[in-house]
Amino acid sequence: MISLETSLSEIKGIGPKFLARLKKLRIETVKDLLWHFPFRYDDFSEISKIVDLTVGQQATIQGVIQAIKPRKSWKRRMFIIEALVGDDTGSVKSIWFNQRFLLSILKKGRLVSLAGKVVQTKDGGICLSHPTYELINNRIMEAETNENLKHTGRLVPIYPETRGLTSKGLRYLIKPILDDLEPVDESLPYEILKKYGIMEINEALRKIHFPEEIKESRLAKQRFAFEDLFYLQVLNLREKLRLARQKSHSLKIDLDFIKESLAKIPFELTVSQKKSLWEILKDLGKSHPMNRLLQGDVGSGKTIVAILAALMVARQGKQSAFMAPTEILANQHYSTFKNFFADFSGGVGLITSSGGKVFYGDGLESEIKKPEMAKKIQAGEIKIIFGTHALISASGRSPAGRQKNIKFKDLAYVVIDEQHRFGVRQRAELVDRAHSSKLIPHFLSMSATPIPRTLTLTIFGDLDLSIIDELPKGRKEIITKIVAPENRDKAYAFIRGQVRKGRQVFVICPRIEPSEEDDSIADFSQWQKWEAKTVKEEYEKLSGKIFPDLRVAMLHGKMKAKEKEEIMKDFKRGKIDVLVSTSVIEVGVDIPNAAIMMIESAERFGLAQLYQFRGRVGRGEHQSFCFLFTEFKSQNIFKRLRSLIDAKNGFELAEKDLEIRGPGEFLGQSQTGIPDLAMRSLQNPEIVKEAREAAEMIMQKDPDLKEYPQLKEKLESFQKEIHLE
Ligand code: ADP
Ligand code: MG
């Protein structure tokens, strides 16, 4: 008997070459293989009589090979095999290309099942073009054969393939394994299966690969999607419950103090900002940790909201840590704070790889070394500390290689900027760092990536949500234009004019340099990719030919972090006019003077991504522009790009993006680790709803899953798979 854990290398008949190809698809065990699901099915279930075949039909026939011979097509250098196959109603020709080995398999007199498309031949007859074939044991009568067929005479599964690994090969492998598989444990609770009419695991495994009817395959797919969504929801609920049982600092909501602080900033908060701030303050007042996501478009003013809460925390003698993905952003947040709250005397620190700064509201800022900073933080002399994620999550090492962790005296509030998920593990580490109190700090994540609501509820379901859905008053709309190739020169002339007026320009390209990999072009999308503009080429062109008189620089992911920071700093200081870059430039960097965002090969980017690029301009008082360049004259591409012009806000666009590209592309599996099928079913609100309902039901009944050992075990492995940690 074969079990799910059996390694494929232990199964007879799989050669090393095949194993290697499977490994490329990350298929190494029986489980991996069986969870490699077909993405569609060809319906060859009806066996046609040869006399009934019509042109254009996808058909299965069964008959005897009456003749078979090779033919060489000189013009196209192709090796062609022609066979004549007959049943009791007539005979038909079949043709295969470049499959020389067939001559040793398909011999005259053999009974075969063939499935393929019926096409018209030049001489007016018909033939089966490149059909899938299957030998039938001559002694078995027709009626008995069907259930043993894998490739023809049934609904035939089609798999995502890799080079040298065909659907046929996969079917060949999967069928006998399924026949010999020992029963798989059901990890979904029985009452859930029953209540929602979910297919049982063993049946589902068989039906997803070899369904008798399309309806069965649908139910099987639904099962797997439901299963994953259900696990996600249970994990989310469990995390919520865990936090609800933990203790945190309960901070007094001091509205008078907030009012005083608001008076120090030169603008009025928008209604959404106020609402979000209130939600955060309320959470800080609770005795269990906050776990909140603050979402809002680029420039919607998330930072000040988070800072106001930090001020209130400091007022009560507790510490806040403010983490940004890059040094530039950490610097920016720190400066923002200093500018608005110059009289804050509780101690503010900035800590980056290059060193640290402290500020005590005395108008003096002093540079201090890291160890000294660490001491001050540990002593509680610094109440608000700005830094990079590295400050806490992947803390640096001392020269001796030992981890040097910063310890806090009384860390009560942690803000994480532009990182979707702050892992459970990192959180635990932080608690460790907040050692003296043993209380869990409150958490606030901030993100400008607009994520549609269905996705947020599922994937970030353990987080409470605050949304800033308006921009501060008085922001000028960014003028967005799609630029056709023939207008490129005009666009350059316009850009030059803007630079003369003192503005700065971003140029974004999808790739770094020409043909980084062996790009063998097999379809349109690969061709598009191959054609996409590169940073290095555009940089050469712009600095050499187009704008030789301007200061042009480039920035991309292969450069060292230090180098990138330097360039970004220079750009911020106005020492660079035109910055050619990949998508690496940070979200959230405030460069009021950058007024032009030019995006090359715009069709290569998702709408949400384009939206974020555009958000990097339009922060200052100048009218800003976004130019979308595309070399493709495709209506679809225009339509998609145009929705960037029409959309009112990021959320609307995200919904659209999700619709067009599907959740997998939208978030990227690597980013979430959510299985593909579950991802796609996120577009089916019914399944999402049922999965959530089911998870709530189980967690309410038995929060520690004592009665569901299978489920509990399954959750552990699921959690590892989706690397939420
Ligand atoms: P993001 O949400 O992208 O992080 P920021 O917090 O960086 O946005 O804010 C962008 C800019 O808008 C900052 O310069 C900030 O001071 C300013 N700002 C924030 N809120 C308001 C407001 N209500 N009115 C005017 N300007 C604001
Ligand atoms: Mg920001």
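For this structure, a couple of remarks:
- Helix axis angle, 327-340 relative to the chain longest principal axis, alpha carbon, degrees: 40
- Once backbone amide H atoms are built at 1.01 Å from N, Glu470 has no partners under 5 Å, excluding neighbours fewer than 5 places away on the same chain.
- Computed on segment 1-57, with alpha-carbon pairs under 8 angstrom and 6+ residues apart, the relative contact order is 32 percent.
- The chain, relative contact order [Cα under 8 Å, separation at least 6], %: 11
- For the chain, the longest principal axis of the C-alpha atoms and the axis of helix 302-315 are separated by about 50°.
- Couplings 3J(HN,Hα) of segment 606-617, computed from phi: x, 4, 4, 5, 4, 4, 5, 4, 4, x, 7, 10 Hz, in residue order, whole Hz [Karplus 6.51 cos²θ - 1.76 cosθ + 1.60, θ = phi - 60°; x for Gly and Pro].
- Share of Cα-Cα pairs in segment 270-387 lying beyond 17 Å, as whole percent: 56
- Dipole magnitude of the chain, debye to nearest 20 (Cβ charges: Lys/Arg +1, Asp/Glu -1, about Cα centre): 1860
- For the chain, the mean residue ellipticity at 222 nm estimated from helices alone is -11500 deg cm²/dmol, where every DSSP H run of n ≥ 4 contributes -39500 (n - 2.57) and the total is divided by all residues, rounded to the nearest 500.
- For the chain, the equivalent ellipsoid derived from the Cα gyration tensor has semi-axes of 56, 34, 22 Å, listed largest first.
- Taking the DSSP beta bridges with both ends in the chain, the antiparallel portion is around 45 percent.
- Heavy-atom SASA rank of Arg496, Arg604 (probe 1.4 Å, accessible area, largest first): Arg604, Arg496
- Per-residue HN-Hα couplings for segment 557-564 [Karplus 6.51, -1.76, 1.60; θ = phi - 60°; Hz; x = Gly/Pro]: x, 7, 7, 5, 3, 4, 4, 4
- Counting only protein heavy atoms and using a 1.4 Å probe, the accessible area of Glu707 comes to about 120 Å².
- Close amide H contacts of Thr480 (hydrogens built in the peptide plane, cut-off under 5 Å, sequence separation of 5 or more or a different chain): Cys626.
- Over 23 Å [Cα-Cα, segment 187-286], rounded percent: 57
- For segment 576-643, the Cα gyration tensor yields ellipsoid semi-axes of 22, 12, 11 Å (square root of five times each eigenvalue, largest first, whole Å).
- Computed with every protein chain present, the accessible area of Phe224 is close to 0 Å² [probe 1.4 Å].
- Note that segment 1-99, at 20 °C in a medium of 1.002 mPa s, gets a Stokes-Einstein diffusion coefficient of 123 µm²/s from its Kirkwood radius over C-alpha pairs.
- For the chain, the carbon plus sulfur part of the accessible surface works out to 51%, probe radius 1.4 Å.
- Kirkwood hydrodynamic radius (C-alpha pairs) into Stokes-Einstein, segment 239-314, 4 °C and 1.567 mPa s, D in µm²/s: 97
- Its residue count N fixes a reference of 2.2 N^0.38 Å for segment 225-264, and the Cα radius of gyration divided by that reference is 2.10.
- Per-peptide average of other Cβ atoms within 10 Å, ordering 38-51, 181-194 highest first: 38-51, 181-194
- Placing pseudo-labels 7 Å out from each Cα toward the beta carbon at Ile645 and Ser129 gives an inter-label distance of 4.0 nm.
- Per residue accessible area in Å² of the chain, where ligands, DNA and RNA are left out and the probe is 1.4 Å: 48
- Highest mean packing first, where packing is the average number of other Cβ atoms within 10 Å per residue, the peptides 114-120, 313-319, 597-603 line up as 597-603, 313-319, 114-120.
- A crude spin-label estimate for the pair Gln58 and Lys633, with each label 7 Å from Cα along the Cβ direction, gives 3.4 nm.
- Angle between the chain longest axis and helix 685-701 axis [Cα atoms, degrees, rounded to 10]: 70
The values are calculated or read from the model by the stated rules, or taken from the named source; none is laboratory data. Owing to the predicted nature of the structure, the values given are computational and were not obtained by experimental measurement. Counting neighbours? That spans all protein chains shown, and the Cβs are built from the backbone with ideal geometry, glycine included. Calculation scope for accessible area: heavy atoms of the full protein, side chains included, ligands and nucleic acids excluded. Shrake-Rupley method; radii C 1.70, N 1.55, O 1.52, S 1.80 Å.
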